[in-house]
Amino acid sequence: MLLLVLSSTCSFAQEVTTGGLAPALINDQRYNRAIHIMAMLLIGFGFLMVFVRKYGRSALTATFLLVSASIPIYFYTKGIGIFGSASEEIEKLILAEFGAASLLIAAGAVLGRLKMPQYILLGLLFVPFYMFNEWVVLGGGLGLIPAGTVVDTGGSIVIHAFGAIFGLGVALTMTTKQEFEKTIESDATSDRYSMLGSMILWVFWPSFCAALVTPEQMPHTVVNVIVALCGSTLATYLFSVSLRKKISIADIANAALAGGVAIGSTCANASHTVAMIIGILAGGLSTFGFAVIQSKQQKWMKLIDTCGVTNLHGLPGLMGGLAALPIIHGLNIQSQLSGVGLTILIAIVAGIITGKILPIMGRRTEAYEDAEEFLDAE
């Protein structure tokens, strides 16, 4: 009996190594990560954005609509070969989820100032721009960057930085004087729900970065992401207390995630020690952004970044893309810098164009209020 079991085990292992069952096993693993990412999109991002006291119903509904609009658009567009193609269905789904994540980041910049139909229109406009940038930077589109020469495994550049800068472009063209005069209010309950969303994102972030890596790279990638998140969480606490004299729950809920953003580009390549360093630097940079830069940004750029996506996704995302320069041996430095530069350019131009189109559907009479669109909302 023992010999029979050993024989069966050896036969199974041989099938896996020779490719007999490997595709099915890989798709099964990717399915699990795809479901983890979906939890991040709907529960993580959704609850992270309910910190606005009177806008919780709207934030969760907008998240639902944005995800539901963006994933089919990306999936079907990729399926017909526009802006590149993907052979496996689960791979296409994960890529579509990445696009949805970037869209939610962009929406965070103007959260509370769009009508619900405008969120759907934002998704319809965002996804083609996102896919175009992804195709140009990673897929060799237009021949500007050789395909595969930009290192961005977990999307520091094409997901996080693109989404944040796109959102800033929209905010730049849509922020009104009345919105400057209105305070974005939170309370203990909304802050606790926001922390719940943050912790869900924290837990599943390793699946996000490891979603499409090879099975051999997966363990190293997962550990790197967790270590980076630990570094950014600790740095956030230290910087928050140092800069504000007391802990800011907004810093903890947001900047603690910056390590996951910044390690994205190099998550499969960096050593664990380097991942920790990247996480610490990202957490410090993000907290400094929330504590110092955000108020100055409103005055300099004449815009309101509701969720502070500049500080959580924009700056750490760019930092992560540039961190690849000293970390990845044999990296094409010109391609990496071009990828960062083109992402910034495409995102800001696309965001400004989108910001000019969205007001065609009108404007909210009162920002950050559920009552304008929801029954029984106070």
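For the chain, the percent of C-alpha pairs falling in each 10 Å distance bin, counted from 0 to the bin holding the largest distance, reads 6, 24, 34, 23, 9, 3, 1, 0.
For the pair M116 and K177, label points projected 7 Å from Cα toward Cβ lie 3.2 nm apart. The convex hull defined by the C-alpha atoms of the range 187-264 has an orientation-averaged projected area of 5.1 nm². Here the chain is assigned +1 on the Cβ of each Lys and Arg and -1 on the Cβ of each Asp and Glu. Its dipole about the Cα centre then comes out at about 920 debye. For the chain, lysine pairs separated by 8 or more sequence positions, or belonging to different chains, with Cα-Cα distances below 22 Å total 19.
Spin-label model, I348/L144: points 7 Å from Cα along the beta carbon direction are separated by 1.4 nm. Projecting label points 7 angstrom from Cα along Cα→Cβ for Q298 and Q334 puts them 4.4 nm apart.
Mean sequence separation of contacting Cα pairs (under 8 Å, at least six apart), scaled by the length of the chain, corresponds to a relative contact order of 24 percent.
For the chain, the longest principal axis of the Cα atoms and the long axis of helix 218-244 meet at an angle of about 30 degrees.
Think of the range 224-378 as a dipole: +1 on every Lys or Arg Cβ, -1 on every Asp or Glu Cβ, centred on the Cα centre; then among N269, G351, Q334, Q334 lies furthest on the positive end. Suppose only helical runs count, i.e. DSSP H with n ≥ 4. What mean residue ellipticity at 222 nm does that imply for the chain under -39500 (n - 2.57) per run, divided by all residues and rounded to the nearest 500 deg cm²/dmol? Calculated from helices alone, the mean residue ellipticity at 222 nm is -21500 deg cm²/dmol. Express the Stokes-Einstein translational diffusion coefficient of the range 150-280 in µm² s⁻¹, to the nearest whole number, given a Kirkwood radius over alpha-carbon pairs, 20 °C and a viscosity of 1.002 mPa s. Answer, rounded: 134 µm²/s. Nearest 10 degrees, 0 to 90: what angle lies between the long axis of helix 315-327 and the longest principal axis of the chain (Cα atoms)? Between helix and principal axis, roughly 30 degrees. Scoring 63-69, 203-209 by mean Cβ neighbours within 10 Å over their residues and listing the highest first yields 203-209, 63-69. Summing Lys and Arg as +1 and Asp and Glu as -1 over all other residues whose Cβ lies under 15 Å from the Cβ of S286 gives a net charge of -1. Sequence-distant contacts, meaning Cα pairs under 8 Å at least 6 residues apart, place the relative contact order of the range 219-378 at 22 percent.
Read the figures in this text as sums done on the coordinates, not as results from a lab. Just so we're clear, the structure is a prediction, and the values are computed from it rather than from any experiment. Cβ sites come from the backbone with ideal geometry, for glycine too, and all protein chains shown count toward neighbours.
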